[in-house]
Amino acid sequence: MRLLRVTGMLEITPFEKLIKYLKLLGKKFEVDNENKVVIVHEEIEGKKCDVRLGVTKGWVWMALKCMALSEIPENIRGELIFNLLRINNDYAEVSFGIDAEGNIVLREEILDSALTLDVFLEEYGALLVGIEVFNELLKRLEKKVGAGE
C-alpha cells in the first residue's frame, strides 16, 4: 500500500487520513480495519443513514445508499432513473448509480494522492447534498403520480 507523506508528520495511509478527518469533523463512525472500511452515521432530513468510506487500489471511495430500486413504485421508476441521470450530468459532484444489490447509491472517488481535507469535504458534502436531491425528487414524482399527472 502506498503511503502519503505529510510535512512534519509521520507517514500516514489514506485510510488513516479518512479517520483523522472524520475525528476532526466530530463525526460518529465505526472502523472496520480488516476490510479498510469506515461507516459514518449521519442523520439527513430526520432519517438515519450510513456513509461507507474505504480505500482500494489507489483510490478513496465513498458510498451512500439512497433506496433499493425494488422499493420504488414501478410507475415512477423510469422517470426517477431518467432524472437521476440528468442530475449526474448537471451537477459535477453528484454521482448516482445502481450497485450490485440493486440499490440506488451515491458514490464519490478521490485519487489517494489528492486526499486533502478540502477535497474530502467537497466529495463527502456531495453525498449529503445528493441524498437531499434524491429525496426531494422522489417526493415530487410520488406527488405527481398521486395527483394523476
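The values are calculated or read from the model by the stated rules, or taken from the named source; none is laboratory data. Computed from a prediction, not measured in an experiment: that's the story for all the values here. Using ideal geometry, Cβ is built from the backbone for each residue, glycine included, and neighbour counts are taken over all protein chains shown.
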Any chance region 64-80 includes a residue that's more than 19 Å from E142 (Cβ to Cβ) and surrounded by fewer than 16 Cβ atoms within 10 Å (Cβ to Cβ)?
no
I'd like to check which strands (runs of 3 or more DSSP E) are fully inside region 43-149 and have at least 1 residues that are aromatic (F, W, Y).
59-68, 96-98
Leading residue by the ranking (surrounded by the fewest Cβ atoms within 10 Å (Cβ to Cβ)) among those in region 24-37 that are hydrophobic (A, V, I, L, M, F, W, C) and not in a strand (DSSP E or B)
L24
Do we find a residue being under 13 Å from F134 (Cα atoms) and at pLDDT 95 or above anywhere in region 44-62?
no
Would it be correct to say that E79 is over 16 Å from the mean Cα position of the chain (by Cα) and more than 24 Å from V133 (Cβ to Cβ)?
no
So, in region 98-141, how many residues would count as being free of Cβ contacts under 8 Å to residues at least 40 places away in the same chain and either surrounded by 13 or more Cβ atoms within 10 Å (Cβ to Cβ) or over 12 Å from the mean Cα position of the chain (by Cα) (or both)?
17
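Among V40, V60, which is crowded, with 17+ Cβ neighbours inside 10 Å, free of Cβ contacts under 8 Å to residues at least 24 places away in the same chain and closer than 24 Å to Y21 by Cα?
Values: V60 fails: free of Cβ contacts under 8 Å to residues at least 24 places away in the same chain.
Of the residues listed, the single one that is crowded, with 17+ Cβ neighbours inside 10 Å, free of Cβ contacts under 8 Å to residues at least 24 places away in the same chain and closer than 24 Å to Y21 by Cα is V40.
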